[in-house]
1. Roughly how many nanometres apart are two label points built 7 Å out from the Cα toward the Cβ at Asp89 and Glu29?
2. Can you grab the distance from the C-alpha centre of region 8-24 to the C-alpha centre of region 26-47, Å, no decimals?
3. Would you grab the residues whose amide H sits under 5 Å from the one on Met32? Only those 5+ places off in sequence or on another chain, please, with H modelled 1.01 Å from N.
4. Quick one: what do you get for the chain if you divide its Cα Rg by 2.2 N^0.38 Å?
5. Would you count, across the chain, every pair of lysines whose alpha carbons are under 25 angstrom apart, provided the pair is eight or more residues apart or spans two chains?
6. What is the magnitude of the charge dipole of region 12-89 about its Cα centre, with +1 placed on the Cβ of each Lys and Arg, -1 on the Cβ of each Asp and Glu, and no other charges, expressed in debye to the nearest 20?
7. Among His44, Gln22, Leu69, whose Cα projects farthest towards the positive end of the dipole of the chain, with charges put on the beta-carbon of Lys, Arg (+1) and Asp, Glu (-1)?
Amino acid sequence: MNNTKRESILSEDQIELLNERQYTKCVDEWNMTEDASFHFTNGHLAGMREMGLIYEDARAKDAELIQKLVDDLGRAHCIDKPSLAAAADAGFKHSDI
């Protein structure tokens, strides 16, 4: 099986940047106190990290299924070369190769 590490949907830097923007919006546009904004955005940050884990789990399952399909295509007598090429472009290679 292809164990290539895939990049996260959102990097930690991107999450921090989104959180900083949310904090600024709370203070500047919604006129929240700095303390209230801090607590609001920390909850927001925790939620984004938690949702990120859920999405990453789903992506890992998808990658396992794609890899299984690539392996099955590679073992088939009627090899679908365009599909294998598309999978290779996405980072999936037949496990026996």
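Values quoted throughout were computed directly from the atomic coordinates according to the rules given, and no laboratory measurement underlies them. This is a predicted model, so every value here is computed, not measured. Here the Cβ is made from the backbone with ideal geometry for all residues, glycine too, and neighbour counts use every protein chain on show.
1. In this crude spin-label approximation the distance works out to 3.7 nm.
2. With region 8-24 and region 26-47 each reduced to a Cα centre, they are spaced 14 Å.
3. Amide H neighbours of Met32: Val27.
4. 1.66
5. Counting lysine pairs in the chain gives 9.
6. 420
7. Result: Leu69.
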